[in-house]
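> Below are the structure tokens for one structure; questions will follow.
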Amino acid sequence: MELRFEVTEDSGVSILAVHGEVDVATAPRLRQELVEIAASGSNRAVVDLDGIDFLDSTGLGVLVSGLKRFRTLGGDLLLVCTQHRILKVFEITGLLPVFGIYATRAAAVGAATEPTASR
């Protein structure tokens, strides 16, 4: 399945909406998108995962490395996810408490713009 991205901005926070499957074949494209957002000067980003159908360990690795990159910049990488099957992947791997995961973009952007958003 094709992987598509939409990049927008809200209140100075970059939002990356991901659509399709994030797996070993497509994860490098997700990594590149996150690198470009960080390189653009944004240190806070939201990745909206509600449009993905599948997320494997390679995709999780990309999100973890993205989180580290943004935190190194003094910011954060927050996620939007309401799909039980995708949330289960984070739960099983022990990553649920590592990421800030929100039910809506508005909630994630709100958390990203709070003064204490950096973890």
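> Give the residue, chosen from Ala45, Ala38, Ala17, that is out of contact with any strand residue (DSSP E or B) (no Cβ under 7 Å at 6 or more places or on another chain) and at pLDDT 95 or above. Working first, answer last.
On the way: Ala45 fails: out of contact with any strand residue (DSSP E or B) (no Cβ under 7 Å at 6 or more places or on another chain); Ala17 fails: out of contact with any strand residue (DSSP E or B) (no Cβ under 7 Å at 6 or more places or on another chain).
Of the residues listed, the single one that is out of contact with any strand residue (DSSP E or B) (no Cβ under 7 Å at 6 or more places or on another chain) and at pLDDT 95 or above is Ala38.
> Quickly run through region 63-83 and pick out the residues that are β-branched (Val, Ile, Thr) and outside any strand (DSSP E or B). Working first, answer last.
Restricting attention to region 63-83, the residues satisfying the condition of being β-branched (Val, Ile, Thr) are 64, 72, 80, 82.
Those that are β-branched (Val, Ile, Thr) and outside any strand (DSSP E or B): Val64, Thr72, Thr82.
> In addition: What's the number of the only condition in (1) free of Cβ contacts under 8 Å to residues at least 40 places away in the same chain; (2) of a type outside the set (Phe, Trp, Tyr); (3) surrounded by 19 or more Cβ atoms within 10 Å (Cβ to Cβ); (4) farther than 18 Å from Ala27 by Cα that Leu63 fails to meet?
(4)
> Another question, if that's okay. Restricting region 89-119 to residues that are among the charged types (D, E, K, R) and either at pLDDT 95 or above or part of a strand (DSSP E or B) (or both), which is farthest from the chain's Cα centre (by Cα)? Explain how you work it out, then say what you get.
Here is the first cut: in region 89-119, the residues among the charged types (D, E, K, R) are 91, 105, 114, 119.
Okay, now just the ones that are also either at pLDDT 95 or above or part of a strand (DSSP E or B) (or both), so 91, 105.
Working: Glu91: 16, Arg105: 11 Å.
Residue satisfying both the conditions and the ranking: Glu91.
> Would you tally the residues in region 39-60 being in a strand (DSSP E or B), surrounded by fewer than 17 Cβ atoms within 10 Å (Cβ to Cβ) and among the small types (Gly, Ala, Ser)?
Here is the first cut: in region 39-60, the ones in a strand (DSSP E or B) are 44-55.
Narrowing further to those that are surrounded by fewer than 17 Cβ atoms within 10 Å (Cβ to Cβ): 50-51, 53-54.
If we keep only those that are among the small types (Gly, Ala, Ser) as well, we get 51.
Going through region 39-60 one residue at a time, the tally reaches 1.
The values are calculated or read from the model by the stated rules, or taken from the named source; none is laboratory data. Quantities reported herein were computed from a predicted structural model and do not represent experimental measurements. Glycine also receives a Cβ, built like all others from the backbone with ideal geometry; neighbour counts cover every protein chain displayed.
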